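Readers should treat all values here as calculations from the given coordinates under stated rules, not as data from a laboratory. Every value quoted in this text rests on a predicted model; they were computed, and no experiment measured them. Glycine also receives a Cβ, built like all others from the backbone with ideal geometry; neighbour counts cover every protein chain displayed.
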Amino acid sequence: MKEPKYLKIKKDLLQKIENGIFKSGDKFYTETEIKNLYNVSSITAIRAVQELANEGYLERYQGKGTFVSRSKKRTIVEFTDLEVFAGMEETVSVLEVTEMNNQEIKDKLKLAKDETYYKIVRLRKAGNIPYILQNSFIPSKFIKPNFPSNTYFDSIYQRFKEDFGINLYETHAIETNEFCSKISPDTMQLLELKETDGCILQVKTNDNGEDEVYEYVESYKHCEYYKIQIETVQRQ
């Protein structure tokens, strides 16, 4: 099957971005320039540009033009959650293990209507300092029946590895981190937050890279104990 013309143009334009011909923040070709460069119609030129914008490579501003995105799309980075409790003993308290059936969470876990999931709430402390509250949502098929007690889930990664042979450290994962200004009273109490304290919401999904989600997590972390390092890695 013949490749659509807009797709060929899109690939060529993307190569120009990835090869550094256009750098982050640079003004990109206009639609007229793309039409003339590739001898195509306006519709074809617009579609190629719009797809690159939809995928995060370009940013379009009405009245200003099209620019190469400043985000590090397709840049390889190493992300490190830096340890700020060096030398302190860390403890985990499992506060809740409950089977649930909320549709919003089921959609995030890509579950069918007749499937359920478990909500596992854990509070982590370093010394006597509570620094992160983790709400993990796991499909019921990944919860071993008749588990002995809530402490069985002190380490969810260990449970996946020992019970199902799945190493979550090696699975596909997406994580976002954002400042959270709306915090429930229960979360504030558990993390011993004051009204003036900040909190980071970390949202993470572990999956097989396709259609099976192993875990969806919403974590609240005290800003005072949040420090990350991001390092770009040179392509081989």
**Asked** How large is ³J(HN,Hα) for each residue in the range 5-10, as worked out from phi by the Karplus curve 6.51 cos²θ - 1.76 cosθ + 1.60 (θ = phi - 60°), to whole Hz, x for Gly and Pro?
**Response** 4, 5, 6, 4, 5, 4
**Prompt:** In debye to the nearest 20, how big a dipole does the chain give about its Cα centre with +1 on each Lys and Arg Cβ and -1 on each Asp and Glu Cβ?
**Reply:** 1260 debye
**Percent of Cα-Cα distances greater than 21 Å, calculated over the range 79-232** = 49 percent
**Message:** Please check: in the Gaussian network model of the chain (C-alpha springs, under 10 Å), which one of Y225, Y214, Y29 has the largest mean-square fluctuation.
**Reply:** Y29
**Request:** Pairs of lysines 8 or more apart, or on different chains, with alpha carbons under 18 Å: count those in the range 143-236, would you?
**Result:** 6
**Complete:** For the range 5-75, using Cα atoms only, the Rg and Dmax in Å read 11.1, 32
**Asked** Relative contact order (percent) for the range 5-75, with alpha-carbon contacts under 8 angstrom and 6 or more residues of separation?
**Response** 37 percent
**Request:** Please tell me the relative contact order of the range 79-232 in percent, rounded to the nearest whole number, where contacts are Cα pairs under 8 Å and at least six residues apart.
**Result:** 27 percent
**Request:** Using the structure shown, list the pairs from K119/K141; K106/K141; K8/K108; K23/K64 with a Cα-Cα distance above 24 Å, or answer none.
**Result:** K8/K108
**Request:** Using Cα positions and a limit of under 15 Å, work out the aspartates and glutamates in reach of K10, with same-chain residues fewer than 8 apart set aside.
**Result:** E18, E31, E33, E51, E55, E59
**Fill in**
Sequence order, the range 104-117: Karplus ³J(HN,Hα) from phi using 6.51 cos²θ - 1.76 cosθ + 1.60, θ = phi - 60°, Hz rounded, Gly and Pro as x, gives 4, 6, 4, 5, 5, 8, 6, 9, 6, 4, 8, 9, 10, 9
**Prompt:** Which one of N128, T32, F164 has its Cα pushed farthest toward the positive end of the charge dipole of the chain, where Lys and Arg give +1 and Asp and Glu give -1 at the Cβ?
**Reply:** T32
**Request:** Report the FRET efficiency, 1/(1 + (r/R0)^6), for N167 and A53, where r is their Cβ-Cβ distance and R0 is 45 Å, rounded to 0.05.
**Result:** 0.80
